[in-house]
Amino acid sequence: MMRRLPTLAVLTALTMLGPAASARADTLDAVQHGVLADSVVVNTLWVVIAAILVLFMQAGFAMMEVGFSRSKNAGAGIAKVLTNLAIAALCFWAVGFALAFGNGTLVGSAGFFLRDFGDPQTAFGSMGFSDATIEAKWLLQFSFCAVSLAIVWGTTLERIRYGAYVIYAIVFASVIYPVSAHWVFGGGWLQESLGMQDFAGSTAVHLTGAAGGLAALVLLGPRRHKYGADGAPFAIPGHSMPLVGLGTFILFIGWFGFNAGSTLGVADVRFSEVAVVTLLGGMSGVLGAVAASSVLQRTIDVGMVANGAIAGLVAITAPSGYIVPWPAPIIGGVAGVIVVAGVLLVERRLDDPVGALSAHGLAGIWGTLSCGLFAAPELAAYNGVGDRHGGLLYSGSLHQLGSQALGLLIAFALVFGLSLGVFGAIKAAVGLRVSDADEDAGLDITEHGMYGYPELFLPQDAPDPRAS
């Protein structure tokens, strides 16, 4: 008992911070009197664990981006991923979460700074089916925002200015992602009125990130020497496929928090079914990419295989809560084929070093559309979103497929248009990309003053500073 008193004193003091504390005070009162429902504790624990898994994905993005970069840009990727996480945390806490998940048709309007929202079960209606605490739900949704922002930067490796990155990240985490997320799965009009299904974010998270990345590429241009005088692309290999592989495995593990965590609870054990579907989709993406790479490239390209796993996981994200297991290998396998063909086609015109436009964009489109094909009637009814007769293969109707297609087009247009405007303003005001000389030298030394691999670039016969 004595060890509990300091904790209770701190929690009680926190309730004095503002008028938003009424719901929190009710929870604390229940804790102190031993009447807090077991489901609140268990569901909150699960959501926090899922959020930590998704946050771990930042390490995966870091390793993939570093691996796909040349060694002179390896350290810059770490700086950008850490900045990504920090900006997303503060902006999503202050503004983004309220816009994304507060009640409202176009944008939410409750929960700025996680204050003044009253009863969280009614203030954030799209998540009201779960009694996990609002802090746990915020943590999970913040981790989604950070993932979407990380996707944008994979397309811009090796030539974007750090300052441009910071400005866009603030706008993205505060406004662009929250509005898109609200429309698609935060209780906004695409979800509520159109009936668009997106369980964990094939469109809301992944296509949103890819749309932002595409806007950046349109204005940023390719890396130097990527295209010849005739317009043909040259390969610029990344410096470490083992790091790409490590990043892929980390992302794969984190994805169980992404999809299964979106159940926001454990009582109905749906999280375990969603986890199985996620596994089948992701691993089928690997096999699809192996097959496509063998046919289209006459080899088994390691980078393509890694992106096959990502594409399969991206594609299965939207339908993971709407399908039974049997369609998962189909969805993932097709995504693996799509990503290989997509990378090869995109490279003809756009310099996307990590293949994000294909792995997160094209695979996100396919995954969103797959709900219109494979959504099971009982799961559509259980989730309460979309045509409760199921997808085309169950209902014989194109209704859900049409809703999915229209929804993703609107979401893409929103994010691409806003991002193009923001990047255009940044380009006019401060510039988007580094100088040619800085790009040739590498962003590690020109942007951050330190090489990621110093021994590769510093002279080996330099004087030993310890000798003086």
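Bear in mind that the values in this text are calculations on the coordinates, not laboratory data. These numbers come from a predicted model, not from an experiment. For neighbour counting, all protein chains shown are included, and Cβ atoms are generated from backbone atoms with ideal geometry for every residue, glycine included.
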For residues in the range 34-74 being more than 26 Å from G128 (Cα to Cα) and in contact with an Asp or Glu (Cβ under 9 Å, 6 or more places away or on another chain), which is surrounded by the most Cβ atoms within 10 Å (Cβ to Cβ)? N73
Going by the conditions given, is L408 crowded, with 22+ Cβ neighbours inside 10 Å and more than 17 Å from E192 (Cα to Cα)? no
For the range 33-92, which positions are touching a residue at least 60 places away in the same chain (Cβ under 8 Å) and either among the acidic types (D, E) or on the phi > 0 side of the Ramachandran plot (or both)? E65
The listed residue being part of a helix (DSSP H, G or I), hydroxyl-bearing (S, T, Y) and surrounded by fewer than 22 Cβ atoms within 10 Å (Cβ to Cβ), out of T83, T105: T83
Looking for something buried (at least 18 other Cβ atoms within 10 Å of the Cβ), touching a residue at least 12 places away in the same chain (Cβ under 8 Å), among the small types (G, A, S) and within 17 Å of S202 (Cα to Cα) - is there at least one such residue anywhere in the range 290-297? no
Could you tell me whether the range 419-431 includes any residue that is surrounded by fewer than 23 Cβ atoms within 10 Å (Cβ to Cβ) and within 23 Å of K72 (Cβ to Cβ)? yes
For A328, indicate whether it is crowded, with 24+ Cβ neighbours inside 10 Å, hydrophobic (A, V, I, L, M, F, W, C) and over 19 Å from the mean Cα position of the chain (by Cα). yes
Return the pairs, sorted by first residue and then second, in which the second residue is assigned to a helix (DSSP H, G or I) and not aliphatic (A, V, I, L, M), the first residue lies in the range 410-425 and is over 16 Å from S174 (Cβ atoms) and touching a residue at least 60 places away in the same chain (Cβ under 8 Å), the beta carbons are less than 7 Å apart, and the residues are 6+ apart or on different chains. A411/S180; A411/W183; A411/T203; A411/T208
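Have a look at F113, F142 and point out the one that is part of a helix (DSSP H, G or I), among the aromatic types (F, W, Y) and over 23 Å from T208 (Cα atoms). Step through it out loud before you land on a result.
Working: F142 fails: over 23 Å from T208 (Cα atoms).
The match here is F113.
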Residue satisfying all of: in the range 419-451; in contact with a Gly (Cβ under 7 Å, 6 or more places away or on another chain) and assigned to a helix (DSSP H, G or I); farthest from R159 (Cα to Cα) among these: S419
Somewhere in the range 307-316, is a residue part of a loop (DSSP other than H, G, I, E, B) and closer than 22 Å to I151 by Cα? no
